[in-house]
Amino acid sequence: MTNKDILTILKEENSSIDYDRYLKQLIYKKTSSDEKVAIFEVPNKFIAMYIKSKYTSVIQNCFEKMENYTPAIEIKIAGERKTKKAILSQNEKEKTTESTILNPSYTFDSFIVGSSNQMAYNASLAVSKKPGIQYNPLFIYGGTGLGKTHLLQSIGNSAIEEGKTIIYVTIEQFMNDFTFSIKNKNMDHFRAKYRNCDVLLIDDIQFLSGKEQTQEEFFHTFNELHNAKNQIIMTSDRLPSQIAGLVDRLKSRFEWGLTADIQIPGLETKIAIIEKKSELNGIELTKDIVNYIATNLDSSIREIEGVLIRINASASLLNQEINLEMVQALLKDTIKETKENIKLPDIINVVASELNIKPSDIKSKKRTATVANARRVVIYLARELTHNSMPDIAKFLGMKDHSSISHNIKKANELIEKDQNFKLIIQNLRNKIINKEW
């Protein structure tokens, strides 16, 4: 099997974002590999860590499909020297995780806790201390990239430290394993693998929707583990009751234990996440850069991690200093796309709702302090978050000409410098608009 064969399978079976950003950078070192271990190279440790944590089993499935054997997967950094003997020795030490490889940086200590994720964090921590006893199953749900996988793997890393056998897979990997086992008449091995672990961690359970045969198998796997008081933790982008195409008996079982949600983090939590991720990856960012990233990206932690990887790679590969100008250049296309999706009426509605006035007042001739302040905020955010020119904004708001817009922007910038409360209002509104929280 060639590198091209592997990349073709990975491209077909995974998201285009992850493929373009991470997977296509894999280089299969066929001459150094054999049936026991398949060795790959990537440009840097951040990409290596991400692929190890999320795609090891997926890559193994490529070999199962094409070569009918399942090697250990080693992701090396280009130029790194590691003998095959050392690789196999390390894999022996990791046998308690079956084919699972967890991201070692996904721990409870590295998870930033805020009001948006407090319950999910506390529930995960409780489960890690008493697996199979408290909250079984644990069902964590929330939007994409908010930290569900981090909590899932934190439980897994904690269980490994306690010497427990864990399996961490996406539901897609579970389905692929199931299909492969049926085709190869090897269901005994499949069931032994999934039904004899101490902790089963399943990511993205919502993709079980409509897969009747796999649902039947997962139902029995769930019952076996639950009856044996082995812990089950699942993540999803929605509640069990909201997963269409999921049989009722699975929905009810998913709700036997505890369901905990993760919501979009507020600006302060997002800033703390960026600072923590930067520290863990050895990237030094000034406060201005952290604030710029926090206020210009949406609340996907996955996207934040991707940006930090790009910043670090750009600095090291191009020998650039990490400064605000460099980060602005890197995020230019991302911000441009965001601006194209934000409309002036959206800004007015969010500002009016947050400042407790009518949207129509902002476009009126009223000059009370409350309305004038709201209008100033709308003008500032409209100029910053959209492609509209000052004359465009003036026309939309029914103002005389662009000089009034310029005056309001100047005044808003002065207030941001002097008035911390006004600055926080701007940041909060900006965050809500970018994340479409209306």
* Asked: How would you order 300-313, 383-396 from highest to lowest mean count of nearby Cβ atoms within 10 Å?
  -> 300-313, 383-396
* Asked: So how do 234-242, 413-421 stack up, highest first, on mean other-Cβ count within 10 Å?
  -> 234-242, 413-421
* Sites Glu12 and His387 - FRET efficiency at Förster radius 25 Å, r taken between beta-carbons, to 0.05 -> 0.10
* Once the Cα atoms of helix 344-355 and of the chain are each reduced to a long axis, what angle between those two axes, in degrees from 0 to 90 to the nearest 10, is obtained? -> 90 degrees
* Asked: Relative to the Cα centre, what is the charge dipole magnitude of the chain, using +1 at the beta carbon of each Lys and Arg, -1 at the beta carbon of each Asp and Glu, and rounding to the nearest 20 debye?
  -> 960 debye
* Using a 1.4 angstrom probe on heavy atoms only, work out the carbon and sulfur share of the accessible area of the chain in %. => 47 percent
* **Contour excess over end-to-end distance, with Cα ends at Ile133 and Lys366 and 0.36 nm allotted per residue** => 77.7 nm
* If you put +1 on each Lys and Arg Cβ and -1 on each Asp and Glu Cβ, how big is the dipole of the stretch 359-438 around its Cα centre, in Debye rounded to 20? -> 240 debye
* Angle, helix 369-385 long axis vs. longest principal axis of the chain, Cα atoms, 0 to 90°, nearest 10? -> 50 degrees
* Structure fact -> The answer for the chain, accessible area per residue at 1.4 Å probe in Å², is 49 Å²
* Asked: Looking only at the stretch 173-208, which residues have a backbone nitrogen under 16 Å from a spot 7 Å from the Cα of Asn227 in the C-beta direction?
  -> 191-192, 194-197
* Lys/Arg Cβ at +1, Asp/Glu Cβ at -1, dipole of the stretch 29-76 taken about the Cα centre: which of Ser53, Pro71, Val37 is farthest positive-ward? -> Ser53
* Asked: Farthest toward the dipole's positive end in the chain, which of Ile362, Thr144, Ser241, given Cβ charges of +1 (Lys, Arg) and -1 (Asp, Glu) about the Cα centre?
  -> Ile362
* Structure fact -> Taking Cα atoms only, helix 118-129 is inclined relative to the longest principal axis of the chain by an angle, in degrees rounded to 10, of 20 degrees
* Determine, from the Cβ-Cβ distance of Asp248 and Gln213 and an R0 of 25 Å, the FRET efficiency 1/(1 + (r/R0)^6), rounded to the nearest 0.05. => 0.90
* Loop-located chymotrypsin sites (Phe, Trp or Tyr not before Pro) in the stretch 1-52, at most 14 other Cβ atoms within 10 Å (DSSP) -> none
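The values are calculated or read from the model by the stated rules, or taken from the named source; none is laboratory data. Note that the structure is predicted; figures quoted are calculated from it, not measured. Cβ coordinates were reconstructed from backbone atoms using ideal geometry, including for glycine residues, and neighbour counts include every protein chain displayed. Side chains included, ligands, DNA and RNA excluded: accessible areas come from the protein's heavy atoms. Shrake-Rupley method; radii C 1.70, N 1.55, O 1.52, S 1.80 Å.
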